[in-house]
1. Just one of (1) in contact with an Asp or Glu (Cβ under 7 Å, 6 or more places away or on another chain); (2) touching a residue at least 60 places away in the same chain (Cβ under 8 Å); (3) within 16 Å of ligand 1 (Cβ to nearest atom) trips up B:D172, so point out which.
2. Kindly indicate whether B:R385 is within 11 Å of another protein chain (Cβ to nearest Cβ) and outside any strand (DSSP E or B).
3. I need every pair where a residue in the stretch B:39-59 that is of a type in the set (S, T, Y) has its Cβ under 7 Å from the Cβ of a residue that is within 6 Å of ligand 1 (Cβ to nearest atom), sequence separation at least 6 or different chains.
4. For B:I201, work out the one condition from (1) farther than 22 Å from B:I131 by Cβ; (2) assigned to a strand (DSSP E or B) it doesn't fulfil.
5. Against the condition over 28 Å from the mean Cα position of the chain (by Cα), within 21 Å of B:L451 (Cβ to Cβ) and in the same structural domain as B:L451 (by TED's automatic domain parsing), how does B:V328 come out, does it pass?
6. Taking the stretch B:40-71 as the search range and keeping residues that are small (G, A, S) and within 27 Å of the chain's Cα centre (by Cα), which one is farthest from ligand 2 (Cβ to nearest atom)?
7. Have a look at C:I266, C:I255, C:I289 and point out the one that is assigned to a helix (DSSP H, G or I), more than 30 Å from C:L109 (Cα to Cα) and more than 14 Å from chain A (Cβ to nearest Cβ).
8. Does B:K19 fit the bill of being among the charged types (D, E, K, R) and away from ligand 1 (no atom under 12 Å from the Cβ)?
Amino acid sequence: MGKFIKRLFSGTIGVTIFSIVIAFIMGGAILLLAGYNPVQVYMVMIEGVFGKPKNMAWSVIKATPLIITGLSVAFAFRTGLFNIGAEGQFIVGSTVAALFGYYLHLPPLIHIPLVFVGGAFAGGCWGSIAGYLKARFGIHEVISTIMLNWIALYGHNYVVGMPGFARRTNISCDIQDSACITLFKNWKFSEVGRTWFGAHPILRDIFKTPLNSGFLVAVLLVILVWYILNRTTLGYRLRAVGFNKDAAEFGGINVKKSIVLSMFIAGMLGGAAGALQVMGVARNISTLAAMEGYGFDGIAIALIGNNSAFGCLFAGLLFGALKFGGARIQSPPVRAPMEIINIMIGTIVFFIAIPRLIRMIIRWREKRKGDGDA
Amino acid sequence: MADVDFTHTTVEMRGIVKKFGSLVANDHIDLTVHKGEVHALLGENGAGKTTLMNVLYGLYQPNSGEIFIKGDKVEVTNPNIAISRGIGMVHQHFMLIPPFTVTQNIILGKETSGPFGVLDIQKAAEEVKAISEQYDLYVDPDQKIEDISVGMQQRVEILKALYRNADILILDEPTAVLTPQEIREFITIIRNLTFQGKTVILITHKLREIKQAADYCTIIRRGKRIDTVEVEKTTEQELASMMVGRSVSFYVKKEARIPGEAILQVKDLVVRDNRNLKAVDGLSLEVRKGEILGLAGVDGNGQKELVEALTGLRRVESGGIFVHERDVTNRDPRDIIDSKVCTIPEDRQKRGLVSDFTVEENIILENFDRKPFSSRGVLNFQAIRDYAGKLIDTFQISPPDGTVRAGTLSGGNQQKVIIAREVSNDPDLLIASQPTRGLDVGAIEYVHSSLVAQRDKDKAVLLVSLELDEIMDLSDRIAVIYEGKIVGIVNAVDADENTLGLMMAGGGQENG
Amino acid sequence: MAMLNSLGFILGTTLMYATPLLFTSLGGVMSENSGVVNIGLEGMMTFGAFAAATVGYFSGNPWLGFLAGGLASGFLGFLHALACVTFAANQVVSGIAINFLGPGLALFLSRKFFDGATMTYNLPIEMKMPKYFNNMLPEGTFVRQVLNQDISVFMAFTLVLLIWFLLYRTKLGLRIRAVGEHPKAADTLGVNVSRIRYLCVILSGVFAGFGGASMSLAVASNFFQTLISGQGFIALAAMIFGKWKPHGAMVACLIFGCAQAMTIFIGGTGLRVPQEFLSMAPYILTLVILMGFVGRAVAPASDGIPYIKDES
Ligand SMILES: Nc1ncnc2c1ncn2[C@@H]1O[C@H](COP(=O)(O)OP(=O)(O)O)[C@@H](O)[C@H]1O
Ligand SMILES: [Mg+2]
């Protein structure tokens, strides 16, 4: 038993679990210091997530874009690139999706995939700009993606305000129904739907939310990314470049092409997240005063998920739950600031950054035990 | 011979044990050094020489053992203590900061400064100049390290120690980067230092240097002290067998062969280095079927850039590279591999292996997108495993498990993985760049016999090495590179170390 | 005359907007010259801005506020140093954590102290950073237009000089750069690598805090959620753009500040250029400049690599 725990905790999963536990403790301590009852706050949070089926649906909805931006960052990480630009790729994806969704009039069967692919492709192109700048000019992707994020943001704001597309100040027209992926979007408000849901209150509750097929797509993308990275020559090539680009180059792999391609794929994921958000939840785009943070959250998710595809799925769900549950604690009776969530996320990431600490603790305990035996 | 003062032990280490995890790098080592002597530490790569000296210098803490310096028991918990006791160390890999000047490097940590810690570089430069004149160690105080020769860098390292008033100098493999002539000069410098009252501990695995320079020699094998001997009363052969633990033959067995037609032709090649200087400057050579052509030269004369150009990793500015008379100038690495040119790169960690990949994954690095290892973009793990297993068997890679991370293998086994990968491509030309750097004797023998085997299969081999002995032992012909040009080509049977050394220092005559 | 007026306006505004970036960028210079990548500048700046505005508001003294901003971010700098130096953390990951912690703490505390709002109360003009030179400069002149600045502006540019002098002319600076280039070499000469890195990373937090403070106490007059939004990252870019040198960072920050000033200026002239394109311009400009002129910038050789004394 002791051995098992030791093995678990010296591995990466152990570090992650440890960090999450510490984060809850730290969060509790800070709440306590600030004069809140941490037990009560956590209860409200848990209640907020698991209390009602509706809430769980909301958590999943919140998690969907985060899982995918997490995948985007993780994919880039695995290939040796640091994609701070998921944010901008998300924005570009959502902008293009909104445009395609509003201006095209097509049957859903064509419209939905077209909007999705359009958003993803646009995100991909946006990402590959950073890849190209790195491959061709040696500009570090951290800088170029930061710049591209802002360019994307202002471009997005311009599009929102375009005459003909703006519905009112700061908000664009809604996409056509045919591009929308909210489940039962019309039926649930129809006569039949309402009667049916009247008979099934739990389902009615769930479908009150904009539950959509985005989550399914996210899961498919997780599997796809896992497959590409671990089972294909493309994944082999990109990982080789990520681990050691000099050796990859020596082995005949075109490093520059790989960098661009890798950023393209990461960007596609970011763009896909943006597109799904528009198609499933928002249905339009609005002026952004600042970054929304989907991409930055994606970085944390990738780190918490240890840059593995399935890790991102779990970390994304955790995030979604924390975000949704966190918003709950602001209302009476607790009225605790929801930013405690950001502090907790920061703490998780902080401890994930220092796996040495845990190893040191384990070694120290062993040593003490050894001394005790002697 | 300098005046060795036997009444005073300058350094005494008793029962030093140093472990890295489960590895015992130093296993109860004793070492006694007298004032004014040159004491050699002899041992193979990985024997534990550097570790022992790092313990003395305070970079490592021993697990047990005692250290006495000039009679006092000292706990050397950090280099400052060693420095204050008069110990200076020149590390195997120079500890110099390339963008800093000579003076800045020398004074770092013991700066001359005025109020508010403002540096007085002028004064410091003068002090540096003064010491360098006192010990006949010429340097230019204002030049940056990245712009000076390796020889001068080494003098800077020694000056760093002398600037701190060191009277015990530890020199870790100092001659690895020098020509035979420079080595001779270097030995004079060491002698000079002992005349001025310094004590020198000289780490090396070159027997000849010990005979030339040292008074006493302590032999270390696998972390244990084997013996301490008076150098005058022993032979190179005896030292060698104590070092390796069995009698070794330095002679590589090799049948005479008649080389065939040229496989590789290089014509008037010009290649620039990272600083945009001409590193290879009008170089021409030929490597023929069934021969090993050794490229001798001092480090930094264009070897690295030449090999990179040959393997498609660096742009050729002018001139041509032909394999089987086909022009492969400025083709990409993929094309060159496909022209049956394979390479053992000079830097295993950097170029040779993806250390975070498994051994299997490394073995297919050049062929992962070919059948049977993949089809239609999907990897075939069974085929990869079978193939890797076969190579692991044939090349006796240890541990015999393709799923371990390549980075966890020993240096010798990493090199075997690379050789297995490259040789199994059945290349017509094998380029081996510093193939034995950092390996122990067993692994070196293995690498050497692999190269000879290629040659005996009627393949062409280009061997680039800084070890002149290695070049002389293995090659059929020897080309000497100096400042990016071939300054002479001789048949190995006619070669002698002196003339080669002269050519390596640029003193040879032009001939094609 | 109108030309001169416009120029004065643009230059003055440039200086104003360059200042918060410059402080923060100098923070980056300190940290990265000692070999620790600091991507957490954004979080540090945010936290500093909040702490400055809050202490400034409650104490009524902008100097106390300014100092508090530095100290608060210095604490985040300490956390970053703890992770990166003592625990040899992945420095980028630790920086990301700081970017969650900084704004998280700022907004959490803001809600606590300001009735659940994510903004601090407005500071009256006398509680903001003073403009000492205001009265000395003749009314209505070009010089006044340019130099009628908050004291923080002058402090930032003085700091450039100080840091330049520190890095290139003093013993400590030599050691800092040595540690950033080749920590092992410094270590073998008895230079305490950890201590120097701690010092530099904490200072980098302090400077980022000053950057935030000059935002909330001078440029704006309170802290709110989107006050910093990305300026820390831009300061980071400016530092890289400036090749990790204090004077280089200054030039880069001036370019960013100027772009911002131009946006405001052109916006005010009624020219029919969409606001968004103006706002975009500095970022596009940066990319173009990086492509054309700077090329491969060289970081200190050991920037981002934890130094682990190989002991086990
Ligand atoms: N910092 C370290 N961590 C782990 N193992 C080490 C370290 N330094 C040296 N070793 C190991 O200790 C042994 C002795 O190394 P070293 O003293 O460098 O040998 P030498 O200088 O005789 O070639 C080798 O097996 C080497 O791999
Ligand atoms: Mg050694």
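The values are calculated or read from the model by the stated rules, or taken from the named source; none is laboratory data. Bear in mind the structure is a predicted one, so any value in this text is a computation, not a measurement. Virtual Cβ from ideal backbone geometry, glycine too; neighbours counted across all protein chains shown.
1. Here B:D172 meets the rest and fails (1).
2. For B:R385, the condition - within 11 Å of another protein chain (Cβ to nearest Cβ) and outside any strand (DSSP E or B) - is not met.
3. Cβ pairs passing all conditions: B:T51/B:A25.
4. Among (1) farther than 22 Å from B:I131 by Cβ; (2) assigned to a strand (DSSP E or B), the lone unmet condition for B:I201 is (1).
5. No; evaluated as a whole, the condition is false for this residue.
6. Restricting to residues being small (G, A, S) and within 27 Å of the chain's Cα centre (by Cα), the top hit is B:G58.
7. C:I266
8. So B:K19 fails the test.
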